[in-house]
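One structure is given below, encoded as structure tokens.
The values are calculated or read from the model by the stated rules, or taken from the named source; none is laboratory data. These numbers were taken from a predicted model, which means no experiment stands behind them. Because the Cβ atoms are built from the backbone with ideal geometry, glycine has one as well, and the counts that use them run over all protein chains shown.
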Amino acid sequence: MSAPKASAASPGVSPAEKAAIYDYIIPATAPWSRVIHRGQILRIVDLEGQQAVDTLFYNAHDYRERYSAQDTLLAQEQAYITTGSRLISNEGNLMAAVTADTAGYHDTSAGACSCEANTVRFGHHTRYMHACRENFLLELSRYGMTKRDIVSNINFFMNVPIRPDGELAIVDGVSQPGDYVDMRAEMDVLCVISNCPQVNNPCNGFRPTPVRVQIWDPPASSK
């Protein structure tokens with residue numbers, strides 16, 4: 001199964017956008033994946049605002065090495081992902097670095113929604129609603145991976161404050177239409193995204209929407 005084709009550039013885009021080697025709109029509730037080569041820049045754009053983008057990273061040459069939320073938070077000594085954050089693997093290697101962020105901060109503690117969690121939190125009538133865990137499972141299966149390979153993810157644009165008692169809260173998002181986050185790959189990584197389909201809490205403003213992914217090659221001087 002081939003990766004989705006990049007969409008054609010629309011009229012009036014900036015020179016920087018025209019230079020992107022890949023430009024794709026991920027539909028609301030859908031999964032996506034692509035290999036980002038070392039030095040390339042991946043941009044995720046929240047087109048309409050308040051849309052959570054659940055994201056995983058794997059070493060493109062050895063899927064056993066993958067993003068580690070625990071090692072990342074320990075290394076940076078803060079609870080959120082933002083400009084300057086270094087995304088660390090379970091083997092202690094640098095996978096990617098956040099180079100720009102207009103939203104402010106991103107969660108990597110609350111995990112991905114699932115049919116099971118929806119049932120416990122929101123009632124049995126939500127049992128068969130689509131969820132991020134199912135998106136991840138569908139997309140990872142393209143690469144020979146299974147449910148066992150789903151690990152703690154980054155929730156880009158998701159607002160998860162930590163309350164005084166240490167509890168995580170999922171509240172209204174703060175990202176605005178057009179907010180984006182840029183990451184530079186520090187190794188060849190497989191990026192797997194679930195454009196979150198959750199409608200039972202405010203992480204998506206109760207209305208899942210499309211997001212955009214763009215990729216740029218590194219400047220010739222940095223290759």
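Of the residues making up segment 136-180, just one is part of a loop (DSSP other than H, G, I, E, B), in contact with a Lys or Arg (Cβ under 9 Å, 6 or more places away or on another chain) and without any contact (Cβ under 8 Å) to a residue 24 or more places away in the chain, namely A169. Just checking, how many residues over segment 45-66 are touching a strand residue (DSSP E or B) at 6+ places or on another chain (Cβ under 8 Å), assigned to a strand (DSSP E or B) and more than 26 Å from G178 (Cβ to Cβ)? Final tally of qualifying residues: 5.
Of all residues in segment 50-74, those that are more than 14 Å from I154 (Cβ to Cβ), surrounded by fewer than 17 Cβ atoms within 10 Å (Cβ to Cβ) and not acidic (D, E) total 4. Of all residues in segment 121-151, those that are surrounded by fewer than 18 Cβ atoms within 10 Å (Cβ to Cβ), of a type in the set (S, T, Y) and at pLDDT below 95 total 1.
Among the residues making up segment 190-223, those that are in contact with a Cys (Cβ under 6 Å, 6 or more places away or on another chain) and either assigned to a loop (DSSP other than H, G, I, E, B) or modelled with pLDDT of 95 or more (or both) are S194, C196, Q198. If you take the residues in segment 155-196 that are more than 25 Å from G39 (Cβ to Cβ) and among the acidic types (D, E), which one is surrounded by the most Cβ atoms within 10 Å (Cβ to Cβ)? Only one residue fits best here, namely D172.
Here are some residues: T83, T72. Which one is of a type in the set (S, T, Y), within 14 Å of D182 (Cα to Cα) and at pLDDT 95 or above?
Residue meeting the stated conditions: T83.
In the set D172, D188, D165, D179, which member is of a type in the set (D, E, K, R) and within 16 Å of the chain's Cα centre (by Cα)? So the residue among D172, D188, D165, D179 that is of a type in the set (D, E, K, R) and within 16 Å of the chain's Cα centre (by Cα) is D179.
With respect to (1) assigned to a loop (DSSP other than H, G, I, E, B); (2) at pLDDT below 95, the lone exception for M187 is condition (2). Screening M95 on (1) modelled with pLDDT under 95; (2) surrounded by 19 or more Cβ atoms within 10 Å (Cβ to Cβ) shows it passes everything except condition (1).
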